[in-house]
Amino acid sequence: MAAGSSCTIVEYFGGDDGYRCGYCKNEKGNFSHGMWSHAMTVQDYQDLIDRGWRRSGKYVYKPIMNKTCCPQYTIRCHALNFQPSKTHKKILKKMSKFLSKGEMPTEQGDGEPMDSLCEEGGLHGPVKVCHSEVASPVVTAILTEEGDTTPGEFETARKDPVSVPDGRGPETTPKPGVGADPGRPLCRKAKELRKARRLQKDQKRQVGGGVPVSATSIPTTPVQLNQPKALEEFINESLPDSPLHRLEVRLVRSNPPSSQFKASFDASYQVYKLYQMAIHHDPPDKPTESQFRRFLCDSPLEMETPPDGPAAGYGSFHQQYWLDGRIVAVGVVDILPTCVSSVYLYYHPDFASLSLGSYSALREVAFTRQLQKQSPKLCFYYLGFYIHSCNKMRYKGQYQPSDLLCPETYVFVPIECCIPSLEQNHYARFNQDPDAGTPGEFLNELDTVISSFPDDGSPFFILGNFNFPTSAFESFLSNSLSPPSLF
């Protein structure tokens, strides 16, 4: 809850009527609660997304999970423990080749799944889903990438001509061996050997050039050869020192709009318009400037800059990707007390083959890790909704380790524990504790609620603090919507 007189003001829209689903194309199968948020504190929104809600502009909605055709589960990634997969590394290398040599991949990208993180959904249904498919959404172990092995890069521990048929004579049965020689060191991977040789060459070069070894950056402790590289190292490697193209990422506050946001608004909008027409096949008259403002610029979140928060403060931002002085992609994000929540990603269609959707997601994971150094409790990266019933939306499970939100108890459960249940049913309770119930079910936990009914009969609320009042609020929504139920 923000300090002072800040409060959350929302207006409920109802959730009885079904609308078209953008995933399975069911014309009346998508059901959700929805409300228009006139103002909202970042803590209240954090509490809401931890109960399955999500915003699109100022519209905040929550799928009715046991009723909607394609249940949408809140997914979060543990940013501090994230390790890029081989696919992620390839995307970073692809960006490196483009920046350093200007090599634009000829094949299309990965379908840019990250552009559908927040569907412009609540009132009119989600936007068209992405076109990529992921074979396996769950990775149960983190593996280090093995280097490419070429002849001469490493020697085998033993060469036995008898045990390897050469194809020039009859194959003979190999003689039983005695196992590895305990007096010899274990055979190491080629990647480890190359790293050790580079280290030795650097040491010789420094000593030969008259540079004291103690004055160099070589660590005095033994090198951990099996330690996997951090995400930041892969990202830095993708940004060459003397590039042919220069990429810069700028964070600008969108609400209230900063001077940098205002100065770049038109350029950003033009990229959005091209993106919607090329990727989502919108007609030219649909992605208007007012629609762009309503969808991706307007936000109910109040700006907050507490002393223990990140330097940029909390609220809504645009993370702009500038290539050689022009905007080529924009990631819309919310910075909240415990997470960075990805809202949307749009990019210039000319750069679709660079997989900017996935690239921006990796940059946002790294951004979350950077903010955590300033605010220790900010350690999660929220990717929006995971939809297991739609194969094209399973890619979010690749950002490991990650959790899904149990729709009944509102606790996060590791995704690998959830997949078996989702393979059986579209809707599933992930918390296996039969005694666990919905937390905070009592109305007296609601600090302040003022309810009134305008002329049209729609409920209007002023909530001084959700805290766990969300449960009481949701109970109110699911009942008769009569004011006495609150008091």
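The values are calculated or read from the model by the stated rules, or taken from the named source; none is laboratory data. Computed from a predicted model, the values in this text were never measured in an experiment. We place every Cβ from the backbone using ideal geometry, glycine too, and count neighbours over all the protein chains shown. What goes into the accessible areas is simple: the full protein's heavy atoms, side chains included, and nothing from ligands, DNA or RNA. Shrake-Rupley method; radii C 1.70, N 1.55, O 1.52, S 1.80 Å.
Structure data summary
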quantity	calculated
Pairs, first at pLDDT 85 or above in the range 230-245, second among the basic types (Lys, Arg) and open to solvent by 100 Å² or more (accessible area, probe 1.4 Å), C-beta under 8 Å, six or more apart	Leu244/Lys101
Enumeration of residues in the range 291-303 that are open to solvent by less than 70 Å² (accessible area, probe 1.4 Å) and either without any contact (Cβ under 8 Å) to a residue 24 or more places away in the chain or of a type in the set (Asp, Glu) (or both)	Gln291, Phe292, Asp298, Glu302
Total residues in the range 236-281, condition closer than 15 Å to Phe351 by Cβ and aromatic (Phe, Trp, Tyr)	2
Subset of the range 305-357 [open to solvent by less than 30 Å² (accessible area, probe 1.4 Å) and among the acidic types (Asp, Glu)]	Asp334
Some residue of the range 272-290 being at pLDDT 95 or above, small (Gly, Ala, Ser) and within 30 Å of Cys7 (Cα to Cα)	yes
Close pairs from the range 87-100: first within 9 Å of Ser355 (Cα to Cα), partner in a helix (DSSP H, G or I) and among the small types (Gly, Ala, Ser), Cβ under 8 Å, at least 6 apart	Ile91/Ser358
Answer residue from the range 276-290, given it is touching a residue at least 12 places away in the same chain (Cβ under 8 Å) and assigned to a loop (DSSP other than H, G, I, E, B) and is most open to solvent (accessible area, probe 1.4 Å) among those	His281
Single match in Thr149, Thr106, Thr140, Thr144 (criterion: part of a loop (DSSP other than H, G, I, E, B), over 26 Å from Cys24 (Cα atoms) and modelled with pLDDT of 55 or more)	Thr106
Residue that is surrounded by the fewest Cβ atoms within 10 Å (Cβ to Cβ) [pool: residues in the range 380-394 that are closer than 13 Å to Ala361 by Cα and either among the hydroxyl-bearing types (Ser, Thr, Tyr) or free of Cβ contacts under 8 Å to residues at least 60 places away in the same chain (or both)]	Tyr381
Members of the range 365-379 found to be under 21 Å from Phe412 (Cα atoms) and open to solvent by less than 20 Å² (accessible area, probe 1.4 Å), listed by number	Val365, Thr368, Leu378
Matching residues in the range 263-275 - criterion: being open to solvent by less than 30 Å² (accessible area, probe 1.4 Å) and free of Cβ contacts under 8 Å to residues at least 60 places away in the same chain	Phe265, Tyr269
First in the range 305-330 and modelled with pLDDT of 95 or more, second anywhere and surrounded by fewer than 19 Cβ atoms within 10 Å (Cβ to Cβ) and acidic (Asp, Glu), Cβ under 7 Å, 6 or more apart	Trp322/Glu248
Per-region count, the range 247-262, residues of a type in the set (Lys, Arg) and open to solvent by 40 Å² or more (accessible area, probe 1.4 Å)	2
